[in-house]
Every structure is written in structure tokens, then in C-alpha cells.
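Q: Structure incoming, see below.
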Amino acid sequence: EQNAELAVLIPPFTSPNGWMFNTANEHLAKKEVRRAIAMAINTEQFAADALLGIGKPGLGPIAPDSWAHDATLEPIPYDPETARQMIVDAGAEGAQLRFSVNQGNVLREDWLTFSQQALQEIGIEIIPEVMEYAALVERVTGAKDYDACGVDFAGVTAEPSELYEQFLSTSPGNYMNYANPELDALLTQAKETIDPEQAKPIYAQIQQIIMDDVPMHYAWYRPFLHAVDKRFTGYTDSAAYGLFHTLEDWSVTP
């Protein structure tokens, strides 16, 4: 920003990060435990500190600037006291859970440490796993040998119908072992609905179910920063598709 020759842009947030839960785990099979984990982590603080105030706390599976986003959606509240009681009531106090992230991603490694410290306060012991990316992908998508995994959910925010591949109980892309018959029906209905105006209320129900059940915790939006030489004009900034998806519209002043 101190360089007068550059324009610094922060595009809309479309890349939520957080935790994906394996509901095959005896504790994570209970939505009360998954929700308690989400309630125990102060995402506002993480966004302010680790993301330098540029990123924002997450809000559901569809990014706020998407046509399908439900503007009435309420974030999961930060309430560690209630979360701790929920863990006790669910019989999960003292549970040991493996939380895994890919090596070399500083933000996710920070997120792992931040989550570990927060969950310790509600009686959950986190076993941190930082591993090479390919090994993590195989662990999650192949063997499904994980408890919680730190992932980027960028794809579904670019096209909401991709929620079908992630959450349908019979989908090969459902790595959470999560099943909800009501959600299955809504996902199928949304996928078959062509008119966005008709699909939007269906996606609103889908978002609410996912927020209530918390098979994934959409915790924070990863910030993207773009710096462009001010000689260039005509570009459209997009976190989903990047600066170059309308390269033919660019122009340059010598």
C-alpha cells in the first residue's frame, strides 16, 4: 500500500477454512460434540490475530457474496462455558481426538495450535498431526483414517451445487461418513432446480441443516491480496477465479 504505483485489492471472501469431522468417530458421531468444538474456538480472535484482521470468521458452507448465501444465517456463537457442559453431557470429557493439517501451510498450522489450546479448556485433548499434503489426502479420502482435518472449502463457494458431492450420504466425495436423509432430499432437489430464484430457498434450508449439525466447521475465510500495477485497468477481481479470468478485458497505459 505504500507503493504509489500499485493498487492493493482484497477480493470477496470465498475460501472458508476450518475443521471437517469424521462422524465415524464415537465422539464426533454426536452433533453435540461437534457443535461444542465449534463453540469453544474464538474465530473472531483468530481472524484478528493470525489473519491480521484481513480475514474474517466463517459463516456456513456458501460464501456471503454468493447468490445462494442465506443472509439470515447466524454464526455459531463463541461460548466455551456452554461448550464444556455439552462435552460433559455427551460423555466426551477427556476424549482424545486427532486433528490433522498439511505441513507447510502456516495458517492451518496456526489454526491447529489455536484450536488445540481452546479445546483443552473444555476437556478435549487434541493429538496434533502435521503431515505431508499427499499423505494427508490419502489418509482422509482413501482410508478415512482421521478424526478432524483442516481443509479449504473453496470449491463449493464457487458453485453451491458442489455441496451435493460433499454431503450426499452416498457420494464418494463425502469423506465425513455423514448421513442425513433430510439433507439428502434437499441436495437432490437443489441440484435438479435450474432457476436460481427457486433454488435459493432450498439452499437456505441446506445451509441451516449443515450449521446445526456441524459435520464441517466453517471457521474463517482465508484472505487473498492482489497487487496490480496501476497502469493496468479493466480487470475484475475474484477470489474464486482470480484476476486473469477476464484477461481479454485488460488494458495498459504505457
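The values are calculated or read from the model by the stated rules, or taken from the named source; none is laboratory data. Note that the structure is predicted; figures quoted are calculated from it, not measured. Note that each Cβ is placed from the backbone with ideal geometry, even for glycine, and that neighbours are counted across all protein chains shown.
Q: Inspect all residues belonging to region 56-71 and state whether any of them is touching a helix residue (DSSP H, G or I) at 6+ places or on another chain (Cβ under 8 Å), assigned to a loop (DSSP other than H, G, I, E, B), touching a residue at least 24 places away in the same chain (Cβ under 8 Å) and of a type in the set (S, T, N, Q).
A: First pass over region 56-71, keeping only residues touching a helix residue (DSSP H, G or I) at 6+ places or on another chain (Cβ under 8 Å): 56-58, 60-63, 66-70.
Next cut, assigned to a loop (DSSP other than H, G, I, E, B) only: 58, 60-63, 66-70.
Now narrow it down to the ones that are touching a residue at least 24 places away in the same chain (Cβ under 8 Å): 58, 60-63, 66-70.
Then drop every residue that is not of a type in the set (S, T, N, Q), which leaves 66.
Taking every residue of region 56-71 in turn, at least one turns out to be touching a helix residue (DSSP H, G or I) at 6+ places or on another chain (Cβ under 8 Å), assigned to a loop (DSSP other than H, G, I, E, B), touching a residue at least 24 places away in the same chain (Cβ under 8 Å) and of a type in the set (S, T, N, Q).
Q: Looking at region 1-42 only, could you name the residues that are assigned to a loop (DSSP other than H, G, I, E, B) and at pLDDT below 90? Before the answer, list the steps.
A: Of region 1-42, the ones assigned to a loop (DSSP other than H, G, I, E, B) are 1-5, 10-15, 22-30, 41-42.
Hits for region 1-42 are GLU1, GLN2, ASN3, ALA4, GLU5, ILE10, PRO11, PRO12, PHE13, THR14, SER15.
Q: Go through region 214-234 and give me each residue that's under 8 Å from the mean Cα position of the chain (by Cα) and more than 18 Å from LEU163 (Cβ to Cβ).
A: Of everything in region 214-234, just one residue is under 8 Å from the mean Cα position of the chain (by Cα) and more than 18 Å from LEU163 (Cβ to Cβ), namely TRP220.
Q: Right, another one. Residue by residue through region 89-139, note down the ones that are among the β-branched types (Val, Ile, Thr) and surrounded by fewer than 13 Cβ atoms within 10 Å (Cβ to Cβ).
A: Those that are among the β-branched types (Val, Ile, Thr) and surrounded by fewer than 13 Cβ atoms within 10 Å (Cβ to Cβ): VAL106, ILE127.
Q: For region 24-50, give me each residue that is crowded, with 20+ Cβ neighbours inside 10 Å and polar (S, T, N, Q).
A: Let us first name the residues in region 24-50 that are crowded, with 20+ Cβ neighbours inside 10 Å, namely 27-28, 33-41, 43, 46-47.
Within region 24-50, just THR43 meets the criteria.
Q: Shifting gears a bit: Select, from TYR221, TYR164, the only residue that is among the hydroxyl-bearing types (Ser, Thr, Tyr) and touching a Gly at 6+ places or on another chain (Cβ under 6 Å).
A: After ruling out the rest, the residue left standing is TYR221.
Q: Next question, about the same structure. Which residues, taken from region 112-145, are aliphatic (A, V, I, L, M) and within 19 Å of ARG34 (Cβ to Cβ)? Let's see the steps before the verdict.
A: So the first thing to find is which residues in region 112-145 are aliphatic (A, V, I, L, M), and the list is 112, 118-119, 122, 124, 126-127, 130-131, 134-137, 140, 143.
The answer is LEU112, ALA118, LEU119, ILE122, ILE124, ILE126, ILE127, VAL140.
Q: Can you name the number of the only condition in (1) surrounded by fewer than 21 Cβ atoms within 10 Å (Cβ to Cβ); (2) of a type outside the set (S, T, N, Q); (3) within 27 Å of ILE206 (Cα to Cα) that GLY55 fails?
A: (1)
Q: For ARG222, are the conditions met, namely being of a type outside the set (Ser, Thr, Tyr) and surrounded by fewer than 20 Cβ atoms within 10 Å (Cβ to Cβ)?
A: no
Q: Here is a further query. If you check GLN45 against the conditions, is it under 25 Å from HIS226 (Cα atoms), modelled with pLDDT of 90 or more and not acidic (Asp, Glu)?
A: yes
Q: Look at LEU9 and say whether it is surrounded by fewer than 18 Cβ atoms within 10 Å (Cβ to Cβ), over 22 Å from GLN208 (Cβ atoms), touching a residue at least 60 places away in the same chain (Cβ under 8 Å) and hydrophobic (A, V, I, L, M, F, W, C).
A: Working: surrounded by fewer than 18 Cβ atoms within 10 Å (Cβ to Cβ): yes; over 22 Å from GLN208 (Cβ atoms): yes; touching a residue at least 60 places away in the same chain (Cβ under 8 Å): yes; hydrophobic (A, V, I, L, M, F, W, C): yes.
So LEU9 passes the test.
Q: OK, next. Whether any residue in region 232-251 is modelled with pLDDT of 90 or more and touching an Asp or Glu at 6+ places or on another chain (Cβ under 8 Å) is what I want to check.
A: Within region 232-251, none of the residues are modelled with pLDDT of 90 or more and touching an Asp or Glu at 6+ places or on another chain (Cβ under 8 Å).
Q: Going through region 130-147 one residue at a time, which ones are touching a helix residue (DSSP H, G or I) at 6+ places or on another chain (Cβ under 8 Å) and closer than 21 Å to PRO215 by Cα? Walk me through it before giving the result.
A: Of region 130-147, the ones touching a helix residue (DSSP H, G or I) at 6+ places or on another chain (Cβ under 8 Å) are 130-131, 145-146.
Matches in region 130-147: ASP145, TYR146.
Q: A further question on this structure: Can you go through ALA50, ALA63 and tell me which one is at pLDDT below 85 and in contact with a strand residue (DSSP E or B) (Cβ under 9 Å, 6 or more places away or on another chain)?
A: ALA63
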